[in-house]
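The values are calculated or read from the model by the stated rules, or taken from the named source; none is laboratory data. In this text, all values refer to a predicted model and were calculated from it rather than measured experimentally. Cβ: placed from backbone, ideal geometry, glycine included. Neighbour counts: every protein chain shown. Heavy atoms of the whole protein, side chains included, go into the accessibility calculation; ligands, DNA and RNA do not. Shrake-Rupley method; radii C 1.70, N 1.55, O 1.52, S 1.80 Å.
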Amino acid sequence: MSTPKLLAQTLPSLRLATRRTAPSIARHVVRCYTAASAAPRPAPPAWSSQPPIRRSLWSAAFQSRPFSVSTAVSHGHIQPPKPGEELYVTFIDKEGVEHKLAVSKGDNLLDIAQAHDLEMEGACGGSCACSTCHVIVMDQEYYDRMPEPDDDENDMLDLAFGLQETSRLGCQVVMTPELNGLRVKLPAMTRNLQSSDFK
Amino acid sequence: MFPVRCLRARPRACWQRVLNGLNASPGPSVSRSVSTAHSSSPGGRPLRLAVIGSGPAGFYTAYRAMSKIQDVKVDMYEALPVPFGLVRFGVAPDHPEVKNCQEKFEEVASSPNFTFIGNVSIGTKSDHPDGATVPLASILRHYNAVVFSYGAAKDRHLGIPGESTLKGVYSAREFVGWYNGLPEHADLAPDLTQGDEAVIIGQGNVALDVARMLLEDVNVLRKSDIAEHAIETLSKSKVKRVHIVGRRGPMQAAFTIKEVRELMRLPSVAFHPIDTSLVPPDLKSLPRAPRRLMEILLQGSPTRPDDSPPPTKSWSLDFLLKPTQFLPSATSPTRLAATEFARTTLSSPFDPNAYALPSDSSTGDSSSSNTTVVLPAPLAFRSIGYRSEPLPEFAALGVPFDDRWGVISNDGRGGRVRHEERGADAAMRVGAFPGLYCAGWVKRGPTGVIASTMEDAFATADAIAEDWAGGAGHARFLNGGGAVAGWEGVRRESVGGGVDTARVVDWEGWRRIDAAERERGRAVGKEREKFTRTADMLAVLG
């Protein structure tokens, strides 16, 4: 896919994001994997009580964890794209900020989000047993290009907060060339307690 | 709707009495902290946070608090020597993927700002003889904030004859604890050999878990981390027919589709078709989740009850039945023979919030043959919900507990514990109890999956972070938000009070118990063989 087309796809949303977040400076984030940034993260310095724990530290701590709890699909292991083979996916976070990422074919959205410190939990480790990696696909056209969710994924989506027609679990969406330019939104967790919660 | 129902009059400002009267060093530390307490990091002092309970609510609150607050030290108290609460003792052994959230908890625990204090019960005397207990009042003196995330350790009762007297009537919660190796119920020894029928009262996911344990091939369970005593008992089970009974209909049932689908997929296990009159005729008009649930209920299982040869096991969802009594056996009067139910009707059959009415009130037909159903089965499980209890010191400290809903009275979203006080004009004022928060089932009631507890715990941690950073000063926190000693202070007091804190299990201790359990599991081809006695857990630590 050519760059001009990508730009064309991205620009309107960039303007949108800028408007939404005004008056702060535009926070549209474009991050690409380069050889340098794709190198394994350095282990975090000794735990410091000074800065708040950043997600990058969490991820790094996770990756350098000395033992494994379960053999289920592990997350956070994505390959940097080869030059010329980058696929692009844009995450719109809970604050409306867009993060455009260059990724490889075969990566799933949960792994991608976690590798880039986006706020996506993946409580079950990407085994399609919870709904914490719920994403909403912004364009129906892209949603239609994905293989249909299977029963297990749909069962979990039924429990997701803020379910939409184009909702998917991030762990089940694998990047392919057809999905180049995909845009997904992370649902805000705004569910309020209901009386039925207490019955 | 807030989970706040019964705001009773309470002694005026008991918490202040407690804190002022009992605080070891009240004067200087309080005044100093108040004067400088307006920034997010007053005088560079950390927020000392005690988390009571190490289940998903406690860990997700700790995780979020540690990522949102500049400088926070979390001490997590756990009554058992081992962490993770219902992730370890509630999640079904054949759902190992659900337990992957433990990876996140391990990450949290690896922070030097996190301390695990296992085998220490707060206020309630430890339910096992090897544990230590410290008073809640001591916790309040040595922390700036406390999160109650101790869950729901009891269950709701039916209140019908025979419930607590007849052999063969079990609590589903205890049964779950038993097969998951919870020390408290390691000696439950359920008798599954008295007949081939079982009745489960309640239609939530716990009921479906119990049904699956009874119906699933024991060789499938054998590879899970299920307790070995459960494998022995289940392999001798004679149960072939399971009734899962509810007062209401399929549109009102609490179970979720994943658990239903799992039961439907069990090989050689048949599902008896449901009463289709309880399913809305026009499924397309339903929202997605109930529509898909109704579809799978109508579709049923690939194995049919009338298959030839007949399936080895079967189950059904029996709707519109309210239990009225457990009936004793004629030959052995201490033993359950059957469960009697009254038929109900629904106020509005397809309304998810419909309630159950006695069926004879609408038809006028009160002949017992039409309104009473007896299910003969020597085995019955009560599975109508878990229940939280207040800590014993709550009443004295003025921490409000809502008995009706079984939750700590709180502001709903942020989990700030409510505090009410009678002002000079005798009017009740309701505010937040400084420094006290709650999360998980003790905050919102015993429902929901781990994702809901995570979301709820995050909301509590966000409230703590917001209050800590707030401009109102740290009067919103215990001990004026000032310098406190945390676990060190609690331990010093406990030693003075004669409590043996030598048995405290830290995270490294848990890691050794964990390694020993995995080693035992390897020997028998399982991921883990849990210790089911606290003494055995502690023996690993020498």
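Scaled to the globular estimate 2.2 N^0.38 Å, the Cα spread of region B:128-247, given as radius of gyration, is 1.32.
How large is Rg over Rh for region B:155-386, taking Rg from the Cα atoms and Rh as the Kirkwood inverse mean of 1/r across Cα pairs? Intermediate results must be reported in sequence, preceding the final value.
Details: Rg = 17.6 Å, Rh = 18.4 Å.
With Rh from the inverse mean 1/r over Cα pairs, Rg/Rh is 0.96.
Taking all protein chains as shown and a probe of 1.4 angstrom, B:I160 keeps an accessible surface of around 30 Å².
Report the semi-axes of the equivalent ellipsoid for region B:264-413 in whole Å, largest first, where each axis is √(5λ) for an eigenvalue λ of the Cα gyration tensor. Please list the in-between numbers first.
Details: eigenvalues 221, 127, 83 Å².
Working from the Cα gyration tensor, I get semi-axes of 33, 25, 20 Å.
Each of B:I296, B:L188, B:A207 was placed along the dipole of region B:155-386 (beta-carbon charges, centred on the mean Cα), and the one lying farthest toward the positive end is B:I296. Under Stokes-Einstein, with the Kirkwood radius over Cα pairs standing in for Rh, what whole-number D in µm²/s applies to region B:416-540 at 25 °C and 0.890 mPa s? Diffusion coefficient, whole number: 129 µm²/s.
Amide H contacts of B:H419 (H built 1.01 Å from N, in plane; Pro and chain starts excluded): B:G431, B:A432, B:F433 sit under 5 Å, all sequence-distant by 5 or more or on other chains. How much solvent-accessible surface does B:T334 expose, in Å² to the nearest 10, with a 1.4 Å probe and all protein chains in place? About 70 Å², ignoring ligands and nucleic acids. A cut-off of 5 Å between modelled amide H atoms, ignoring neighbours fewer than 5 places along the same chain, links B:V146 with B:A50, B:L436, B:Y437. Measuring nothing but how far apart in sequence close Cα pairs (under 8 Å, 6+ apart) lie, relative to its length, region B:155-386 scores a relative contact order of 30 percent.
Taken residue by residue and averaged, Cβ atoms of other chains lying within 10 Å of the Cβ of B:156-165 number 0.
Would you calculate the convex hull of the Cα atoms in chain B and tell me its volume per residue in Å³?
Working: hull volume 96.0 nm³, N = 542.
So the per-residue hull volume is 177 Å³.
Given the pairs B:K68/B:K99; A:K94/B:K104; B:K236/B:K313; B:K99/B:K240; B:K167/B:K530; A:K100/B:K68, which span a C-alpha to C-alpha distance of over 19 angstrom in this model? B:K68/B:K99; A:K94/B:K104; B:K99/B:K240; B:K167/B:K530; A:K100/B:K68, as the Cα separations exceed 19 Å there.
Among the protein heavy atoms, those of B:E107 account for about 10 Å² of accessible surface (1.4 Å probe, every chain in place). Overall, region B:155-386 carries a charge dipole of about 400 debye about its Cα centre when +1 sits on the Cβ of Lys and Arg and -1 on the Cβ of Asp and Glu, all other atoms neutral. For the set B:R156, B:R265, solvent exposure ranked by accessible area (probe 1.4 Å, protein chains only) runs largest to smallest as B:R265, B:R156.
If you add up the charges near B:T334, with Lys and Arg at +1 and Asp and Glu at -1, over every other residue whose beta carbon is less than 13 angstrom from its beta carbon, what do you get?
On the way: positive: B:K167, B:R335; negative: B:D191.
Neighbour charge sum, excluding B:T334 itself: +1.
Proximity of backbone amide H atoms, modeled 1.01 Å from N, is registered between B:T339 and B:L327, B:L375, B:A377 at under 5 Å, excluding neighbours fewer than 5 places apart on the same chain. Over chain B, DSSP H runs of length four or greater, each weighted -39,500 (n - 2.57), average out per residue to a 222 nm ellipticity of -9000 deg cm²/dmol.
Applying the Karplus relation 6.51 cos²θ - 1.76 cosθ + 1.60 with θ = phi - 60° to region B:77-84 yields 3J(HN,Hα) values of 9, 9, 5, 8, x, 10, x, 5 Hz, where x marks Gly and Pro. 3J(HN,Hα) couplings calculated from phi for region B:285-290 with the Karplus curve 6.51 cos²θ - 1.76 cosθ + 1.60 (θ = phi - 60°) are, in sequence order, 7, 7, x, 3, 5, x Hz; Gly and Pro show x. Here the Karplus relation 6.51 cos²θ - 1.76 cosθ + 1.60, evaluated at θ = phi - 60°, turns the backbone of region B:512-521 into coupling constants of 6, 4, 4, 4, 5, 5, 5, 4, 4, x Hz, with x for every Gly and Pro. Report, to the nearest 10°, how far helix B:27-36 tilts away from the longest principal axis of the Cα atoms in chain B, using its own Cα long axis and a range of 0 to 90°. Its long axis makes an angle of about 80 degrees.
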